[in-house]
Structure formats: C-alpha cells, structure tokens
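Visitor: A single structure is presented below for examination.
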Amino acid sequence: MAKRIQAIRGMHDILPDQTPTWQHLEETVRSVLERYGYREIRTPILEMTELFKRSIGEVTDIVEKEMYTFEDRNGDSLTLRPEGTAGCVRACLEHGLIHNQAQRLWYRGPMFRHERPQKGRYRQFHQIGVEAFGMAGPDIDLEMILVTARLWRALELEGLELQLNTLGTPEERRSYREELVAYLRRNAARLDEDSRRRMETNPLRVLDSKNPDMAEVIADAPTLMAHLGEASRAHFEALTEGLAEAGVPFVVNPRLVRGLDYYSRTVFEWVTDRLGAQGTVCAGGRYDGLVEQLGGRPTPAVGFALGVERLVALIEEAGPSVEDRTRPQAYMVLMGEAAAQRGLVLAERLRERLPALKLQVNCGGGSFKAQFRKADRSGAVLALVLGEDELANGTVGIKWLRESREQEQVDQARLADRLGEILGEAR
C-alpha cells in the first residue's frame, strides 16, 4: 500500500464539524462591517515579492525569514502573501479605487509565514482585514476600534483588553530611534541574540520581545512619547478622549509596537490571557506613508486584522458549540429502485416549494435500519419514508427522530404544506 500523503506541517484542514464556528464568525464580521459601510475586496494569494519588501521592510523577520518565496517559470520572484494590507493597497492603486476618494474595504483569506508552528500560530493562517483610505483624522481611528468592540459584543466574547499606543510620524520615530539605539547599546550585554541583531536594523521591535529575561531592560527603555510633536499628541489625545466617551476601556502601552515597518501614529491590539502565549486576536493601526511608498499619492490610511484561528478558539472556549446550520432538517429514507428514483424527483419539488428546507436524500441503497441510522447521524429532525406501500398509496411517511410522536402518513400532494407547518415555514 502506498504511503499516505499528509498535510504540510503548520497547515491544517478545517473539518466539517469545525466549519460552523468559522461560518458563524465570518458571517458576524460581514454583518457588522456592512453596518459601517465597509465593502469586500478579494485579492490574489500570490503577489510580486517586491511588494512585500517595499511595504513590510527588507530588514523585518517576515521578509528575511518567514516568507514563502519562489521564482516562477518566467523568472519572476513571487511570494505567498504573509499579510493582506500590502495587496489591498496594490489593488486600490492598480484600479484607481483611492484616486480622489475615500474607501472603506475589508477582505478575508489565508496568509502564509514559515514560522515554528505552535498553538495559535500556523504557517497557513487566516485573517480578516479591514482598511480605510483617505481619512487623516482620529475619527476614523476611533471608528476602527469601535467596530472591533461591537464585533466582540456580537460574538459574545468577554475578557478582551484593548492596548493602545502611538508611534508618531516617521520623523519623530527617527529622533526617538537615536535615543533608543544608544540605550540598547549601553545595555547590549543584557539583550538576547535576536534583540542585539534588531538593535541596529529595527530597534523598536526589541520593545516587543516576549523574553522574560529582558523585561527589566525593556521597562527602563526611553519612551516615544517624549519625542512626539504637537500634532501627533493631539491626534492621540482625541482618540483616547473618544474611546472614553464611547465607554470603551483601554490601556496605554508605551511598549506596543507593530511588526511591520509601515505603521505610524495610532497602533492598537486586543489581547486575551485565554490563549497562552499567542494572546493577540486583533491588531492594527495607522499607516499614512504606505500608499506613497508603493507608488501612489500621499494617502492617509488605517486598518486592522483579525486572527481567525485565535477567535475561533475563543468562541469555542467561551461556551457551547455553534449550531451547525448545514445539518439537514429532514432525511429521506427510500426502499427499492422505484422509490429511489421517485424520491429524488420528489425532493426537488419540495426544495422548490420550500426554499429554506434542508433535505438530505439517502443515496447508495441500504436496509431500512441502516438508512435510519444514517438519518439519525445526520442530525435531522424528521425522516421522510418512501417505500413500496407509500408509492402505491401516493403518500410519504413522516417519522420524528428527536421526539416521541406518532408517525403520520401524508399525501405527496400536500407534503410540502405539512413540512412547512412542522418546520415553521408555512407559506
């Protein structure tokens, strides 16, 4: 027997018993975003490698170590997208979506990073991203966070903490960077290997280290707040005042930085202590320079991404499993070739009359006992029985699978009406 091929490490199948929770999350997000005027955009999984080098930054861990990059047969360097913002901006520029106009967009799909797989961190992972272009004020930053807060309420998730910071403008960060690098150099002996490397290439990422041995040196590091200009301070204060007025609790975390080079001013994360080390379920911020960096006109922008796997884990941890809305309401049991043929035609007529009816028809034969076992396992409420007697009499038997009720025989001509009555779908 040939050896079975398994999924690639860090890339997982989402099985039918798991998909109802995914569908519930995706539908809830779509519904909430539509209420705020966000429209869906769908972009390719593959992009030119240069897109991510220019947007994320060539000296980031993502570009240096984690991207799935290869040359195609034409010699072009292509990359499986490690995040969604760059591709969204590229699409907006290519199709003129942000030329003299504001846009509110969202997308969903798989992203790819060659990381060490662990709980909540995979090599193929899924994100829902939300982006807004053409609005420079703190009001859109506030809206973004209010959207996420409403989403948690819609999903009935509790215990999420909003952490907030500002990274200022690139000019303000350059001033801060000099002070931070000088501090890190003085304390180089207390840094781990990764942080000593980042100290010269991307020093703000040192502040994001999860190494407990570095907690003290990070806590004593200078903060960016002292380097902010009046406009950046006013932007951040307006945001925090808006959150306070809206009743959204938050914590200002001066060590909060984002792993991508394109962020400026507002950055935020929603975190939980229920998922171990991978506690961030939503992260985002403002990236006013990215559109110009990718060849467009200067355009203010802000966005966030939701970690789907982590939110699914939270939903599953929070309570009973989400109802599987794909399960049939009725299962048709058929005995004999004539019944099998007649049953499929009858099922189509029922679906025409009752558009919301979820009806599964037995295929592949089997005894009555075997078919009823399948009906029970399907989760259906009713079994519709069509055998020789029913064919002769022009009827269908209705048997309740979840209640102790008498089976009834119904004329085929009024079966749709009776099912509508039973399932609350009377037309």
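Visitor: Treat every Asp and Glu Cβ in the chain as -1 and every Lys and Arg Cβ as +1, leave all other atoms uncharged, and give the resulting dipole magnitude about the Cα centre to the nearest 20 debye. Mind showing how you got there, number by number?
Guide: On the way: 58 positive and 65 negative charges, 187 e Å.
Charge dipole, the chain, about its Cα centre: 900 debye, nearest 20.
Visitor: Among 360, 272, 424, whose Cα projects farthest towards the positive end of the dipole of the chain, with charges put on the beta-carbon of Lys, Arg (+1) and Asp, Glu (-1)?
Guide: 360
Visitor: A further question follows. How many angstrom lie between the Cα centre of the range 44-75 and the Cα centre of the range 375-425?
Guide: So the separation of the two Cα centres works out to 57 Å.
Visitor: At a temperature of 37 °C and a viscosity of 0.692 mPa s, determine how fast the range 1-149 diffuses translationally according to Stokes-Einstein, using the Kirkwood radius over alpha-carbon pairs as Rh; express D in µm²/s, rounded to the nearest whole number. Please list the in-between numbers first.
Guide: Numbers: Rh = 17.5 Å.
My calculation gives 187 µm²/s for D.
Visitor: Using unit Cβ charges (K, R positive; D, E negative) and no other charged atoms, how large, in debye to the nearest 20, is the dipole of the range 35-142 about its Cα centre?
Guide: Values: 16 positive and 16 negative charges, 102 e Å.
Around 480 debye, computed over the range 35-142.
Visitor: Above 21 Å lies some portion of the pair distances; for the range 330-422, what is it as a whole percent of all C-alpha pairs?
Guide: 21
Visitor: Using Cα positions and a limit of under 23 Å, work out the lysines in reach of residue 65, with same-chain residues fewer than 8 apart set aside.
Guide: Residue 65 reaches 53, 119, 210.
Visitor: Lys/Arg Cβ at +1, Asp/Glu Cβ at -1, dipole of the range 220-263 taken about the Cα centre: which of 239, 251, 221 is farthest positive-ward?
Guide: Highest projection toward the positive end goes to 221.
Visitor: Per residue of the range 359-373, what does 6.51 cos²θ - 1.76 cosθ + 1.60 with θ = phi - 60° give for ³J(HN,Hα)? Whole Hz please, x for Gly and Pro, Karplus curve as stated.
Guide: Here the 3J(HN,Hα) series is 10, 10, 9, 5, 10, x, x, x, 5, 4, 4, 5, 5, 5, 5 Hz.
Visitor: By a straight-distance test (C-alpha under 20 Å), which lysines pair with residue 399 as possible cross-link partners, with residues fewer than eight away in the same chain excluded?
Guide: 358, 369, 374
Visitor: Further, regarding this structure: Evaluate the charge dipole of the range 330-422 about its Cα centre and quote only its size in Debye, nearest 20, assuming +1 on the Cβ of each Lys and Arg and -1 on the Cβ of each Asp and Glu. The partial results should precede the final answer.
Guide: On the way: 14 positive and 13 negative charges, 85 e Å.
In total the dipole reaches around 400 debye.
Visitor: Angle, helix 308-318 long axis vs. longest principal axis of the chain, Cα atoms, 0 to 90°, nearest 10?
Guide: That works out to roughly 60 degrees.
Visitor: Ok, one more. Under a no-solvent Debye model with one identical scatterer per Cα of the range 226-380, what's log10 I(q)/I(0) at q = 0.21 Å⁻¹?
Guide: Calculated log10 I(q)/I(0) at the listed q: -1.34.
Visitor: Would you mind counting up the charge near residue 212? Only other residues with Cβ under 13 Å from its Cβ, with Lys and Arg at +1 and Asp and Glu at -1. Provide the component values of the computation, followed by the final result.
Guide: Values: positive: 190, 210; negative: 192, 213, 216.
Here the charged neighbours net out to -1.
Visitor: For the chain, what log10 I(q)/I(0) values come out of the Debye formula at q = 0.06, 0.13, 0.14 1/Å, with one point per alpha carbon and no solvent?
Guide: -0.37, -1.12, -1.25
Visitor: Starting from one equal scatterer on each C-alpha and no solvent at all, send me the Debye-based log10 I(q)/I(0) for the range 93-222 at q = 0.09, 0.12, 0.13, 0.15 Å⁻¹, two decimals.
Guide: Relative scattering, expressed as log10 I(q)/I(0), comes to -0.44, -0.79, -0.91, -1.13.
Visitor: Relative contact order of the chain: what whole-number percent is it, with Cα pairs under 8 angstrom and at least 6 residues apart?
Guide: Numbers: 677 pairs, mean separation 62.5, N = 427.
Relative contact order of the chain: 15 percent.
Visitor: Roughly what angle does helix 170-186 make with the longest principal axis of the chain, taking Cα atoms, 0 to 90 degrees, to the nearest 10?
Guide: On a 0 to 90 degree scale, this one is about 70.
Visitor: Could I ask something else about it? With axes computed from alpha carbons, what is the tilt in degrees of helix 337-353 against the longest principal axis of the chain, rounded to the nearest 10 within 0 to 90?
Guide: Once rounded, one gets 60 degrees.
Visitor: So for the chain, taking the charge dipole from beta-carbon charges (+1 Lys/Arg, -1 Asp/Glu), which of 41, 128, 22 sits furthest toward the positive end?
Guide: Farthest towards the positive pole: 22.
Each reported figure results from applying straightforward, stated rules to the coordinates on display, with no laboratory input. These numbers come from a predicted model, not from an experiment. Positions of Cβ are generated from backbone atoms using ideal geometry, with glycine treated the same way; all protein chains shown enter the neighbour counts.
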